[in-house]
Amino acid sequence: MLVFIIKRLANAAMVMLAVALLAFMIFRFAGDPVELMANEQMSQIDRDALRERLGLNDGFITQYARFVSDAVQGNFGISYRNGQEVLGLIAESFPATMELVIVATLLSLIIGIPMGVITAIHRGKWYTELFQFTSIIGVSLPSFVVGILLILLFSVTLGWLPAFGRGDVVQLGWWSTGFLTHSGRMALILPSIALSLYQITLIMRLVRAEMLETLRSDFVKFARARGIPRYRIYFRHALRNCLMPVVTMTAMNIGSLIAFALITETVFQWPGMGMLFIQAVTFIDIPVMAAYLCIVSFIFVALNTLVDITYAVIDPRLRAATR
């Protein structure tokens, strides 16, 4: 088991080094940092001094090693746009994105799992066909279209929910939360629905496929022969055997939600990491772009590594297969 964990951690480290190299290439070749940071009144002597202070006169390997070392310590430099620490900017926007992702994940599980069970055990019913049709819409519509439609219906037409912003937040140390205010909770509803719709569809289809396979297994037939109530067979026995792939996909999709929340955050003007990244692209703020790439990639890699290790703990055959 120890060897398996070491291998997985080594693979994760190699992936992060490759991501760091890509982020460093953005730093080095997407534009001259001195020209982006300098103003028109800065003399050539000041420009040369700034280049020397940033270490841009060093060799490629030296600069890359320094970038990796600083990134490990959480030092991604200074934002070209506003002159603040990049890590501080990300720390300000990270809670907003995480709260949106948490609510979207919970919605996808709370809605997707029951829909998957119902479509599996009630095949051919009209509501099952309605769920299937709705899932096709969920897969087909882009999230920004869903967001615009939700704003048009619930904000513009009905006036029930806010169309943009995060509402009032409460500071808990460095973490800002909207869960503790009424306007914060109301502001979460529309963007979390828009972000979770695709995940709801995926979970529903996965649970349905797993349930159909499980219901054909011998232990379910034996449970029916013993006269166990159907609801216990469906929700206590069959569903429990379907949850492992659901948990795996949910854990892996958290990284996807963080990465692709930028579209939803742009539509709803949500002050999260995605919005910060879009602004960085607009103003060519390379340090913020590189930091966003590294942090989101680290979340992806960490979640995938954790899932692999959890699988190996549960199923010893996976450990044997890697020897």
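Relative to the first principal axis of the alpha-carbon coordinates of the chain, what is the inclination of helix 239-268, with its axis defined by its Cα atoms, in degrees from 0 to 90 and to the nearest 10?
Result, in degrees: 40.
Provide the gained length on full extension for the span I5 to F179, in nm with one decimal, where the gain is 0.36 nm per separating residue minus the Cα-Cα distance.
Contour length minus the Cα-Cα distance gives 59.0 nm.
To the nearest 500 deg cm²/dmol, what mean residue ellipticity at 222 nm is calculated for the chain from DSSP H runs of n ≥ 4 alone, each contributing -39,500 (n - 2.57), summed and divided by the residues?
Rounded to the nearest 500, it is -24500 deg cm²/dmol.
Would any residue of the stretch 95-117 have its amide N under 14 Å from a label point 7 Å out along Cα→Cβ of T282? List them or say none.
Within reach of a label on T282: no residues.
I need the peptides 215-225, 264-274 ranked by packing, meaning the mean over residues of other C-beta atoms within 10 angstrom, with the highest value on top.
264-274, 215-225
Let's test the formula: R0 of 35 Å, r as the Cβ-Cβ distance of A251 and R66. What FRET efficiency results, to the nearest 0.05?
0.55
Where the centroid of each part is defined by its Cα atoms, how far is the stretch 79-158 from the stretch 230-275 in Å?
Each part's Cα centre sits 9 Å from the other's.
Please give the length that would be gained between E85 and W160 if that part of the chain were fully extended, namely 0.36 nm times their separation in residues minus their C-alpha to C-alpha distance (nm, one decimal).
Between E85 and W160, full extension yields 23.2 nm more.
Assign one of three labels to the stretch 87-200, namely rounded, prolate or oblate, based on the Cα gyration tensor with a ≥ b ≥ c the square roots of its eigenvalues; rounded applies when a/c is under 1.5, prolate when it is not and a/b is larger than b/c, and oblate otherwise.
Note, shape of the stretch 87-200 comes out prolate.
Based on the mean of other beta carbon atoms within 10 Å per residue, what is the order of 73-82, 175-184, most packed first?
The packing order, highest mean first, is 73-82, 175-184.
Quote to one decimal, in nm, the extra length available between D168 and L152 on full extension: 0.36 nm per residue of separation minus the C-alpha distance between them.
My answer for the length gained is 3.5 nm.
Using R₀ = 45 Å, calculate the FRET efficiency as 1/(1 + (r/R₀)^6) where r is the Cβ-Cβ separation of A13 and F235; round to 0.05.
Working from the Cβ atoms, E equals 0.60.
Which three extents, in angstrom, do the Cα atoms of the stretch 178-323 have along their principal axes, listed largest first?
66, 47, 26
Using a 7 Å offset from the Cα along the Cα-to-Cβ direction at both R224 and L22, what is the distance between the two label points in nm, to one decimal?
So the two model labels end up 4.8 nm from each other.
When the accessible area of the chain is computed with all protein chains present and a 1.4 Å probe, what percentage of it is carbon and sulfur?
67 percent
The values are calculated or read from the model by the stated rules, or taken from the named source; none is laboratory data. What you see is a predicted model; the values in this text were computed from it and never measured. Cβ atoms come from the backbone with ideal geometry, glycine included; neighbour counts cover every protein chain shown. Heavy atoms of the whole protein, side chains included, go into the accessibility calculation; ligands, DNA and RNA do not. Shrake-Rupley method; radii C 1.70, N 1.55, O 1.52, S 1.80 Å.
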